[in-house]
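K.L.:
Below you will find the structure I want to go over with you.
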Amino acid sequence: MMDDLDLGFDEQDRGEKGKHRRGAVRKRKGGSGGGGRGKTVLALLLALVLLGGIGGGAFYGFDRVQSYFVTPDYDGAGTGEVTVEIKQGALIADMANALVAADVVKSAKAFIEAAEANARSKNIQPGTYKLRKQMSGESAVTAMLDLKNRIVNGVTIPEGRTAKNVYKLLSEKTKIPVKDFEAAAKDPIARGVPDWWFKRTDNKKVKPSIEGFLYPDTYEIPPKATAESILEQMVENFLSVASEMEFADRVQKERKISPYEALIVASLAQAEAGNKDDLGKVARVAYNRVFGEFDCNCLEMDVTVNYYLESIGKPTKRSGDMTPAELDDPKNPYNRKLKGLVPTPINNPGKQAMEGAMDPPPGKWLFFVAIDDKGHSAFAETFPEHEKNMAKAREAGII
C-alpha cells in the first residue's frame, strides 16, 4: 500500500537518478511557518494510510507519526516560576536538556530550533535563570536573553590566592561559613580532582590537597549552592582549562615530570613573578634550581615560607623582615632549603602561570630580583651577576 502513496513530488521535483531537486525542500522558518503545516499534512496523510490499512489501532500510529514530524512544544510564555542553572561551557544542547529537566520546555528540539532561529542566542551566558514552567521554545530563548531574568550572584577569585584566602572570599559572598569550605576541601578527590593528579616523579609522598585546583575566575553562585558544589564547580573549571591546554600531556612529554609537579612550579611562578611577562622565566628558575646544577637543589624562595606561615595562622612577611629561624625552620615542610619541590602548590595559579610552567623560555638563570615599580625582574645565571642586579634594585628603591 505504501508503494502507491503519492507524496506530492512530480518528475520536475526530482533530479538525476531520483534525487530531489536542489532547494525543493526548505528549512522551516519560525514557529508557525508553512514548513510546520507541511509536516502536519504529511503526518495526516500517513495516518490516513495507517487508518485504511490497519483499522482502529492506527490512532496509536497517528500519535507516533505526528510526534516524529512535529516538534513537541508548549504554547505561550508559561506559568509559575522555576530557577535553572546553566553551567560553564554548556552548549545549546546542554541548555536544552537542563530546561527539559526543569519542565521549562517540552522538548530539547523545541529549544534548539528556537535558538537556531535567533541569531542572538549565542549571547546566552552561563548562570542561574528565573524562568517559567511550560514555555514555548521561542519564549524560553527570549527570556534567557533578557538580563533581568538572570540571577547575578558572581564572585571573582583572583589569580594566586591560597585556598585559605579563597574560602574567605567565598564565605563573604555566600555567607557559607569558612569551616564548611575547609571541611569540603579535605577530600579533593571527592570534589572532582582525579587521583592520578597526586603523583610525583621524585618519589616524594603526596598527601592530596585541593590547593592549586581552585581555578581563578568569576563564578556565578546558584541560590542553593553548598560549599561542596562551589568547590566542585571550581575544580571542574580547572580541569577544563588544563585539558584545553593539554597541560598534563605536554609536561609529561616535554618536561619529563608529573602534572602535579608542574602545577607546583606554576604556583611558585604566580607567587614570585611581579609581572606576567616574567611568569615563564620564574618557572625556568624553579626548574633550574631543583633539577639543574644549583648547589642545594632546593628552591630558596621566600614565598614558600610565607605559605607555611599563613597555613599555621601567622601573618606573612616581606623577605627582609623574615628571621633566620623562619627562613630555615626544620619543622616547616615548605622550608626553602629542603631539596626538591615543596609538598603542594602554594596557591591557585591562573592560565598564564600554567602556560609558563608548561613551556618556559630557555635559559640557565638561577637568580632573579625585581628592579622596577612595575614588577619586572632581572635574571642572572651567576651570583656575581645577581649582585649587580640587586644593586640596581636598591638604587630604584625596590629592595
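K.L.:
Residue check: is GLY154 open to solvent by 20 Å² or more (accessible area, probe 1.4 Å), within 18 Å of the chain's Cα centre (by Cα) and modelled with pLDDT under 95? Reasoning before the result, please.
P.N.:
Numbers: open to solvent by 20 Å² or more (accessible area, probe 1.4 Å): yes; within 18 Å of the chain's Cα centre (by Cα): yes; modelled with pLDDT under 95: yes.
Yes; evaluated as a whole, the condition is true for this residue.
K.L.:
Of all residues in region 178-193, which are part of a loop (DSSP other than H, G, I, E, B) and without any contact (Cβ under 8 Å) to a residue 40 or more places away in the chain? Step through it out loud before you land on a result.
P.N.:
Step one: of region 178-193, the residues part of a loop (DSSP other than H, G, I, E, B) are 186-193.
Residues satisfying the conditions are LYS186, ASP187, ILE189, ALA190.
K.L.:
Related question: Conditions: (1) within 24 Å of the chain's Cα centre (by Cα); (2) under 26 Å from ALA227 (Cβ atoms). PRO177 meets all but one. Number of the miss?
P.N.:
Single failed check for PRO177: (1).
K.L.:
A further question follows. Could you check GLU244 against (1) modelled with pLDDT of 95 or more; (2) open to solvent by less than 80 Å² (accessible area, probe 1.4 Å) and say which number it fails?
P.N.:
(2)
K.L.:
Select from region 81-110 the residues that are open to solvent by less than 50 Å² (accessible area, probe 1.4 Å), small (Gly, Ala, Ser) and within 18 Å of LYS133 (Cα to Cα) and list them in ascending order.
P.N.:
Within region 81-110, ALA96, ALA98, ALA102, SER107, ALA108, ALA110 meet the criteria.
K.L.:
Within region 293-332, which residues are of a type in the set (Phe, Trp, Tyr) and either surrounded by 18 or more Cβ atoms within 10 Å (Cβ to Cβ) or without any contact (Cβ under 8 Å) to a residue 40 or more places away in the chain (or both)? It would help to see each step written out before you state the result.
P.N.:
At the first step, the residues of region 293-332 found to be of a type in the set (Phe, Trp, Tyr) are 294, 307-308.
Passing the criteria: TYR307, TYR308.
K.L.:
Let me spell it out: the conditions are (1) within 17 Å of LYS337 (Cβ to Cβ); (2) in a helix (DSSP H, G or I); (3) touching a strand residue (DSSP E or B) at 6+ places or on another chain (Cβ under 9 Å), and CYS296 meets all of them except one. Which number is the exception?
P.N.:
CYS296 satisfies every listed condition except (2).
K.L.:
Next question, about the same structure. I'm checking my understanding of the structure. Among residues of region 234-287 that are outside any helix (DSSP H, G or I) and touching a residue at least 12 places away in the same chain (Cβ under 8 Å), which one is nearest to ASN347 (Cα to Cα)? Break it down into steps so the answer makes sense when it comes.
P.N.:
Kept after step one, since they are outside any helix (DSSP H, G or I), are these residues of region 234-287: 246, 256-258, 273-275.
Okay, now just the ones that are also touching a residue at least 12 places away in the same chain (Cβ under 8 Å), so 256-258, 273-275.
Values: LYS256: 23, ILE257: 20, SER258: 18, ALA273: 13, GLY274: 15, ASN275: 17 Å.
Within region 234-287, the match that is nearest to ASN347 (Cα to Cα) is ALA273.
K.L.:
Something else now. Among the residues of region 209-218, how many are surrounded by fewer than 22 Cβ atoms within 10 Å (Cβ to Cβ) and either touching a Leu at 6+ places or on another chain (Cβ under 7 Å) or assigned to a strand (DSSP E or B) (or both)?
P.N.:
Here the count works out to 1.
K.L.:
Still on this structure, I have one more. Go through region 300-311 and count every residue that is assigned to a loop (DSSP other than H, G, I, E, B) and either closer than 19 Å to GLU159 by Cβ or modelled with pLDDT of 95 or more (or both).
P.N.:
Of the residues in that region, 1 qualify.
K.L.:
More than 30 Å from THR344 (Cα to Cα) and either within 23 Å of the chain's Cα centre (by Cα) or among the β-branched types (Val, Ile, Thr) (or both): which single residue out of SER139, SER121 fits that description?
P.N.:
Numbers: SER139 fails: either within 23 Å of the chain's Cα centre (by Cα) or among the β-branched types (Val, Ile, Thr) (or both).
Within the list SER139, SER121, the selection yields SER121.
K.L.:
Return the residue satisfying two criteria in turn: it lies in region 253-280 and is polar (S, T, N, Q) and surrounded by 15 or more Cβ atoms within 10 Å (Cβ to Cβ), and of such residues it is farthest from ASP217 (Cα to Cα). Before you say what the answer is, go through the steps one by one.
P.N.:
We begin by selecting, within region 253-280, every residue polar (S, T, N, Q); these are 258, 267, 270, 275.
Applying the additional criterion that residues be surrounded by 15 or more Cβ atoms within 10 Å (Cβ to Cβ) yields 258, 267, 270.
Details: SER258: 25, SER267: 16, GLN270: 15 Å.
Residue satisfying both the conditions and the ranking: SER258.
K.L.:
Can you tell me which residues in region 350-399 are in contact with a helix residue (DSSP H, G or I) (Cβ under 9 Å, 6 or more places away or on another chain), in a helix (DSSP H, G or I) and open to solvent by less than 30 Å² (accessible area, probe 1.4 Å)?
P.N.:
Within region 350-399, ALA353, MET354, GLY356, ALA357, MET358 qualify.
K.L.:
Please state which of the following conditions GLY80 fails to meet, knowing it meets all the rest: (1) assigned to a helix (DSSP H, G or I); (2) out of contact with any helix residue (DSSP H, G or I) (no Cβ under 9 Å at 6 or more places or on another chain); (3) modelled with pLDDT under 90.
P.N.:
(1)
The values are calculated or read from the model by the stated rules, or taken from the named source; none is laboratory data. Owing to the predicted nature of the structure, the values given are computational and were not obtained by experimental measurement. When we count neighbours, we look across all protein chains shown, and the Cβ atoms used for this are built from the backbone with ideal geometry, even at glycine. SASA here: full protein model, heavy atoms, side chains in, ligands and nucleic acids out. Shrake-Rupley method; radii C 1.70, N 1.55, O 1.52, S 1.80 Å.
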